[in-house]
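The values are calculated or read from the model by the stated rules, or taken from the named source; none is laboratory data. Just so we're clear, the structure is a prediction, and the values are computed from it rather than from any experiment. Because the Cβ atoms are built from the backbone with ideal geometry, glycine has one as well, and the counts that use them run over all protein chains shown.
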Amino acid sequence: MIANRRAHQATNNPQLKALAPQAAEGNTAWLRRVGATAGVVLFGGSSLAAFRLRVAQSHVRADFKPSFWSQAGILDGNRVWTVPLEAIGAAERVVEHNGVVALSWKAFDDPAAYPNVAVLQFVAPPTDSNVKAVRADRGIVDLPTLMVRWLGYLWGADQSSNPLLAGAGIPSAAFVESVFRLGHVDLTPGLAPGASCPEAIWQSAKWWRQFYADTAGTPGPAARGDVTGPRGTYVLRQPAAMVRD
């Protein structure tokens, strides 16, 4: 089991709204209808790697079902800052930028490859300076080391077990959480430190609304703005994890 705490007596966040896709609509067109240009994004993929990531997060859910989500990122206009575990690219890019890359939203446009999408807003938006800080400093969070552990698990190498059970977070979620932590926002208040994952971010948005409402009035950067709880829009085309043929 992963050490995590439930938001007992919490109710489902009414500020999370499902937006059904239109006929033959890709994720780019769906995002355009959402109207968001910043925030946290979650993707639930249908590749084999995405399937294994979704199943690995079942320990974070009370029902032990696979997560809807396999990757997290930060939306910045038409691009997404994230840490991919597929199509990693050149080794020097991983080392130079702490594994963090900016991908065009079009890379996630195919709804068959990425059937599930969520765009979430928390109490304080991520800043460019904090994104740059995490990209430049492995001392904040060592994302390449997390990448190596998760790639071993995804590839079934050297008898690798689920890294989450050892407190090693999914790299893309660890990146997003670190960016928000620099802004004094706890993105996963119910989870043990270091075990970041997209499912934990989703659980925070869904069940920890009161926590953010209670802390939004405290002095400091997290009190900026008038958002007192997470809000967002999502589409679930594939609630049950499966691999696309």
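Checking the conditions here, which among 146, 151, 165 is in a helix (DSSP H, G or I) and surrounded by fewer than 16 Cβ atoms within 10 Å (Cβ to Cβ)? Let's see the steps before the verdict.
On the way: 146 fails: surrounded by fewer than 16 Cβ atoms within 10 Å (Cβ to Cβ); 151 fails: surrounded by fewer than 16 Cβ atoms within 10 Å (Cβ to Cβ).
Exactly one residue qualifies, and that residue is 165.
Any residue at all in region 123-138 that is assigned to a strand (DSSP E or B) and of a type in the set (Gly, Ala, Ser)?
Checked against the condition, which is being assigned to a strand (DSSP E or B) and of a type in the set (Gly, Ala, Ser), region 123-138 yields no hits at all.
Only one of 133, 118, 213, 192 is within 27 Å of residue 231 (Cβ to Cβ), within 14 Å of the chain's Cα centre (by Cα) and among the hydrophobic types (A, V, I, L, M, F, W, C). Can you tell me which? Can you show your working first?
On the way: 133 fails: within 14 Å of the chain's Cα centre (by Cα); 213 fails: within 14 Å of the chain's Cα centre (by Cα); 192 fails: within 14 Å of the chain's Cα centre (by Cα).
Residue meeting the stated conditions: 118.
Report every pair of residues separated by at least 6 positions or lying on different chains whose Cβ atoms are under 6 Å apart, first residue within region 84-113 and closer than 12 Å to residue 73 by Cα, second in a loop (DSSP other than H, G, I, E, B).
Qualifying pairs under 6 Å: 100/83; 105/78; 108/114.
Out of everything in region 114-140 that is among the hydroxyl-bearing types (Ser, Thr, Tyr) and either in contact with a His (Cβ under 9 Å, 6 or more places away or on another chain) or touching a residue at least 24 places away in the same chain (Cβ under 8 Å) (or both), what residue ends up being surrounded by the most Cβ atoms within 10 Å (Cβ to Cβ)?
Residue satisfying both the conditions and the ranking: 114.
Can you tell me which residue among 49, 87 is touching a helix residue (DSSP H, G or I) at 6+ places or on another chain (Cβ under 9 Å), surrounded by 14 or more Cβ atoms within 10 Å (Cβ to Cβ), closer than 28 Å to residue 140 by Cα and among the aliphatic types (A, V, I, L, M)?
49
For region 26-77, which positions are under 16 Å from residue 172 (Cα atoms), charged (D, E, K, R) and assigned to a helix (DSSP H, G or I)?
Scanning region 26-77 gives 52, 54.
Could you pull out the residue among 172, 196 that is among the hydroxyl-bearing types (Ser, Thr, Tyr), assigned to a loop (DSSP other than H, G, I, E, B) and under 17 Å from residue 82 (Cα atoms)? Outline the logic, then answer.
On the way: 172 fails: assigned to a loop (DSSP other than H, G, I, E, B).
Answer to the check: 196.
State all residues of region 107-130 that are modelled with pLDDT under 95 and among the hydrophobic types (A, V, I, L, M, F, W, C); if no residue qualifies, say none.
Within region 107-130, 122, 123, 124 qualify.
Would you be able to tell me the number of residues in region 78-97 that are part of a loop (DSSP other than H, G, I, E, B) and polar (S, T, N, Q)?
Of the residues in that region, 1 qualify.
Quick one: is residue 181 assigned to a helix (DSSP H, G or I), modelled with pLDDT under 95 and not aliphatic (A, V, I, L, M)?
For residue 181, the condition - assigned to a helix (DSSP H, G or I), modelled with pLDDT under 95 and not aliphatic (A, V, I, L, M) - is met.
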